[in-house]
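Read the structure below first, then the notes.
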Amino acid sequence: MKTVLVTGGAGFIGSNFIHLMLKKHPDYKIINVDALTYAGNLENLKSVENNPNYTFIKADIRDAGTIGAIFDKYPIDTVVNFAAESHVDRSITDPQIFLTTNILGTQVLLDAAKAHWKLAPDDKYSRDYKDGVRFHQVSTDEVYGALGKTGMFVETMPLSPNSPYSSSKASADLIVRAYHETFGLPVSTTRCSNNYGPYQFPEKLIPLMINNCLTDKALPVYGDGMQIRDWLHVEDHCEAIDTVIHKGKVGEVYNVGGNNEKANIEIVRLIISTIGKSEDLIKYVKDRPGHDRRYAIDNTKITTQLGWKPKYTFEQGMKETIAWYLDNRKWVDNIVSGSYQKYYAEMYK
Ligand code: NAD
Ligand code: DAU
């Protein structure tokens, strides 16, 4: 029996992870701590809200007092930290919250885990922790920076982030590493490529393009549309995290990706043709400042050492994802209208 603290569980990947964990590990307790920012949507978890193994707590990971009280109340043995400001474009217009949430919030969680898991909490030299505890940091391939036409990201590469978002994630990775090196805290980190799938907030490329196609709005392609991302279905990412928290070596970093490099314009054309609209909807717009040209993940370490591999082909994953957004128009409409926030704001005042 494990008690897993999932932070940011009301977001895209965190909510998919909670669904997976409750299904795959029916003897685990899941505590979801989420501040319900604009990106947090409890509609993603409606089908599990009455599951006795699931608890939701509205809290900010930067709030040390509340996070400490949550550790006091529940026998948490695993932390999976998804909570973050995650959208690159927002980090360009308003960087500060990316630094406070992504860096300081991670440090607050690390401190709480250290204080509650250490066998001799007052001894600063002690490196002994309760059995089986682990702090898992959900990071991103963007910490490595951008690639040219060739090469792939490997775990041993120096970090070279280019946006306020990716530099805040890289900073958090280094703080996580420091808590392992200095205090002996059992940690692991995954760095995943771009995810797609159900419950992705419609400001990100794939759900934005699907929604705009369905409503006959222009499809804003940044620059020449030839930037390359390495796409992975969200369920495969969640399976990879589940693999690492159970089998991954403490102190290690694992890249996660499915060898699916696609130029943005290819994705946009695929969505247009699947939905049956015209390419006249494509509108090339000003490029994102500091736009990373290409990402590509070398997944050798996680596939060979831990036996994880993606289940979805890109074709099948995209087919199902587009079908999901077609079947769940109300989910998107509630976000676009803002009603998703009003409803839960009332409930968690
Ligand atoms: P998201 O923006 O959909 O969700 C983030 C969640 O964190 C939201 O529910 C939000 O309410 C919550 N949150 C934000 N600030 C908080 C705070 N201060 N305290 C508590 N909760 C807070 O993000 P996502 O796309 O699901 O990404 C989740 C994690 O995975 C992030 O750490 C991101 O860096 C990482 N990641 C994302 C991708 C991707 O393609 N989306 C790929 C690799 C890694
Ligand atoms: O690589 C992992 C990262 O992937 C995660 O760490 C981030 O949290 C996640 O947001 C994502 O970052 P990207 O910047 O790659 O994702 P986004 O969906 O914003 O953009 C994907 C690509 O599409 C990127 O090259 C920018 C481009 N784009 C995006 C939008 C929103 C457009 O051309 N037009 C758009 O309207």
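The values are calculated or read from the model by the stated rules, or taken from the named source; none is laboratory data. What you are looking at is a predicted structure, and each value in this text was computed from that prediction instead of being measured. All Cβ positions, glycine included, derive from the backbone under ideal geometry; neighbour counts span all protein chains shown.
For the reader, a short list of remarks on this structure follows.
- Those helices (runs of 4 or more DSSP H) lying entirely in segment 17-110 with at least 2 residues away from ligand 2 (no atom under 16 Å from the Cβ) and either of a type in the set (Gly, Ala, Ser) or under 20 Å from PRO161 (Cβ atoms) (or both): 64-73
- Which listed residue is within 23 Å of GLY40 (Cβ to Cβ) and out of contact with any strand residue (DSSP E or B) (no Cβ under 8 Å at 6 or more places or on another chain), from ILE210, ILE206: ILE210
- Candidates in segment 312-349 are the residues that are among the aliphatic types (A, V, I, L, M) and at pLDDT 90 or above; of these, the one that is farthest from GLY257 (Cα to Cα) is VAL336.
- Search result, residues across segment 229-269 that are within 22 Å of ALA178 (Cβ to Cβ) and among the charged types (D, E, K, R): LYS249, GLU252
- In segment 182-190 there is no residue matching the filter, namely being surrounded by 18 or more Cβ atoms within 10 Å (Cβ to Cβ), touching a Leu at 6+ places or on another chain (Cβ under 8 Å) and of a type in the set (Gly, Ala, Ser).
- Scanning segment 206-221 for residues that are within 16 Å of ligand 1 (Cβ to nearest atom) and surrounded by fewer than 22 Cβ atoms within 10 Å (Cβ to Cβ) yields LEU208, ASN211.
- Scanning segment 156-191 for residues that are within 14 Å of ligand 2 (Cβ to nearest atom) and part of a strand (DSSP E or B), we see that the one that is farthest from the chain's Cα centre (by Cα) is THR189.
- Residue satisfying all of: in segment 273-284; touching a residue at least 60 places away in the same chain (Cβ under 8 Å) and closer than 28 Å to ALA296 by Cβ; surrounded by the most Cβ atoms within 10 Å (Cβ to Cβ) among these: ILE282
- Matching helices (runs of 4 or more DSSP H) fully within segment 240-347 where at least 3 residues are of a type in the set (Ser, Thr, Tyr): 300-306, 339-347
- Residue in segment 113-130 that is within 16 Å of ligand 2 (Cβ to nearest atom), touching a Phe, Trp or Tyr at 6+ places or on another chain (Cβ under 6 Å) and at pLDDT 95 or above present: no
- Filtered residue count, segment 144-155, keeping only those that are charged (D, E, K, R) and either in a helix (DSSP H, G or I) or under 21 Å from the mean Cα position of the chain (by Cα) (or both): 1
- Residues of segment 314-349 that are aliphatic (A, V, I, L, M) and either touching a strand residue (DSSP E or B) at 6+ places or on another chain (Cβ under 9 Å) or surrounded by fewer than 14 Cβ atoms within 10 Å (Cβ to Cβ) (or both): MET318, ALA323, LEU326, VAL336, ALA345, MET347.
- Qualifying residue in segment 105-118 (condition: more than 12 Å from ligand 1 (Cβ to nearest atom), within 18 Å of GLY14 (Cα to Cα) and touching a helix residue (DSSP H, G or I) at 6+ places or on another chain (Cβ under 8 Å)): no
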